[in-house]
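Below is one structure, written out as structure tokens; comments come after it.
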Amino acid sequence: MHRTRDRRALIAAIGLSSFGDELAIVALALRVEDLTGSAGMVALLFIVSALPHVLFAPVAGWLTDRRETVQTLRWCSLAQAVVATGLAFAVGLPLVFVLAFVLGALASVTGPSVFALVPLLDEDGDTSDTNSTIEIAKYAGWISGPLVAGLVAHQSGTAAPLLIDALTFLVLAIGTLGMSIRRLPASGEAAAGDGARAGFAYVVNDRLLLLVFIAMAGIVLFAATDNVAEVFFASDTLNQPAIGYGVLASTWMAGMVIGALLARRADTSRAPIWIFGGAIAGGGALVLGAASASLIPAAALFVVAGVGNGIENVAARTLVHGRVPSALHGRVFAAYMGLVSSTQIIATALGGALVVGVGGQQALVVGGLGSLAVGALGLMALAFVQANATGTPVVHVDGALTEPRERAETPDESHQAPA
């Protein structure tokens, strides 16, 4: 009973947090544009908001694993509420950027904290169902947040969405008070390592995790490049700049919801195949969609591309939950989020350059072919890794010994439950 209540509370918190994040970024983008009239400054805002996930990944993961996780989530949420309130009344551009950076720094802790709690909500150790539901809750926030932010900012100015964002953090903090689950720091699990970089070390020494992390970086690189190209594809190829872009973005998101639902079957042992299969299907659909000169077939194929994207996101987290010792979940998830954020920053710049060089349509083709290639190469590398799997080697992390964990030799064998 308590487990079910906590699960619902955590999922609701994630949806609410995603909604608040979108409120904030849209409101801040509007404010920076109003203050400067510069697209470059708006782009810099996005980079400043994402950069803490890269810079603070080791510390954020260490904090998640070395403090009681629900309390960490609560105090960071309260701090986020204070910072968001400050942003609502910040008028100078330097202060806006500083507070946006601080808000991102706090988010670099709350993200790993939330995902580290997920295994405590599933009795059988299979987190695929909870991860799927979490992903759908995030998408709901992503879809509704920009719409509400735009409407509220139009009516009341940019301070109002930021105050609503502050309220969502406050509600999240209050919600943690009713949660019965507790994730305590490992005391007898010193074998997991106490160092801030123990998560990175564990991934590097697990060939399957390292393969998936590298593949996800490639997938994100091409997917984030597509985000820039979509705007120009809708305008220059489909000749429907406003409605075309809106339809393509919405159909991609609808596909991600479907993909998240399908990925409930992606348990730990099968997660890599789901990830690489999603990249192949999504990349192929994107290439075909880019080749279309009509909105309806392009939108239909964007649904398929979104399905692949949703599958990849859920399966990657399920793999981490099932393959990494629980004492390291915070640090490994922080490493994963740092990798994704750094790749997104690079891809945003690359996407802009690619559109300038070859145009929106060809940039989408490059993105689709890139995802398809990552998926195909990933499957080949997976076969090699599984053929040579002998268990995770013993890894020394900051003087501590990480116990070896047996690995499935084939995708059909039973998976390891979280430690």
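Read the figures in this text as sums done on the coordinates, not as results from a lab. Since we're looking at a predicted model, the values are computed, not measured. Every residue, glycine among them, receives a Cβ derived from its backbone with ideal geometry; neighbour counts consider all protein chains shown.
Between region 315-360 and region 100-147, how far is it from one alpha carbon centroid to the other, in angstrom? Rounded to whole Å, the Cα centres lie 15 Å apart.
How would region 49-151 be classified by its alpha-carbon gyration tensor: rounded, prolate or oblate, with rounded meaning a/c under 1.5 and the a/b versus b/c comparison settling the rest? Oblate is the answer for region 49-151, as a/c is 1.5 or above yet b/c matches or exceeds a/b.
Within region 84-99, find all residues whose amide N lies under 20 Å from a label point positioned 7 Å from the Cα of residue 38 along Cα-to-beta-carbon. Answer for this model: 90-99. Can you bin region 266-402 into rounded, prolate or oblate? Criterion: square roots of the alpha carbon gyration tensor eigenvalues sorted a ≥ b ≥ c, rounded for a/c under 1.5, prolate for a/b above b/c, oblate for the rest. Prolate, since a/c reaches 1.5 and a/b exceeds b/c.
Counting neighbouring beta carbons within 10 Å and listing from fewest to most, the residues 34, 6 come out as 34, 6. About its Cα centre, the chain has a charge dipole of approximately 440 debye under the convention of +1 per Lys or Arg Cβ and -1 per Asp or Glu Cβ, with nothing else charged. With the charge dipole of the chain set up from +1 on Lys and Arg Cβ and -1 on Asp and Glu Cβ about the Cα centre, the Cα lying farthest toward the positive end among the listed residues 247, 148, 82 is that of 82. Build a GNM of the chain with springs between Cα atoms under 10 Å apart, and of 199, 308, 218 the one that fluctuates most is 218. In terms of the Cα gyration tensor, with a ≥ b ≥ c the square roots of its eigenvalues, is region 1-177 rounded because a/c is under 1.5, prolate because a/b exceeds b/c, or oblate? Judged from the Cα gyration tensor, region 1-177 comes out prolate (a/c at least 1.5, a/b above b/c).
Remark: region 243-249, residue by residue, has Karplus-estimated 3J(HN,Hα) of 5, x, 5, x, 5, 5, 5 Hz, where x stands for each Gly or Pro and the curve is 6.51 cos²θ - 1.76 cosθ + 1.60 at θ = phi - 60°.
Sorted ascending by nearby beta carbons within 10 Å, beginning with the fewest, 380, 41 become 380, 41.
Shape analysis of the chain based on the Cα gyration tensor places the equivalent ellipsoid semi-axes at 32, 28, 19 Å, largest first. With the highest mean first, a sort of the peptides 319-332, 52-65 on other beta-carbon atoms found within 10 angstrom per residue produces 319-332, 52-65. Of the candidates 179, 253, 216, which one comes out as most mobile in a Gaussian network treatment of the chain with C-alpha springs shorter than 10 Å? Per the Cα network of the chain with a 10 Å cutoff, 179 tops the list. Projecting the Cα atoms of 350, 59, 185 onto the charge dipole of the chain, computed from C-beta unit charges around the Cα centre, puts 185 farthest toward the positive end. For region 324-333, the Karplus equation 6.51 cos²θ - 1.76 cosθ + 1.60, evaluated at θ = phi - 60°, returns couplings of 10, x, 4, 5, 10, 4, x, 6, 6, 5 Hz by residue, with Gly and Pro reported as x.
Only one residue of 137, 228, 271 has its Cα farthest out toward the positive end of the dipole of the chain, where Lys and Arg carry +1 and Asp and Glu -1 on Cβ, and that residue is 137. Here 113, 292, 371, 250 are placed in order of increasing Cβ neighbour count within 10 Å, fewest first, which gives 250, 292, 113, 371.
In sequence order, region 364-369 has phi-based couplings of 5, 4, 4, x, x, 5 Hz under the Karplus curve 6.51 cos²θ - 1.76 cosθ + 1.60, θ = phi - 60°, and Gly or Pro positions carry x.
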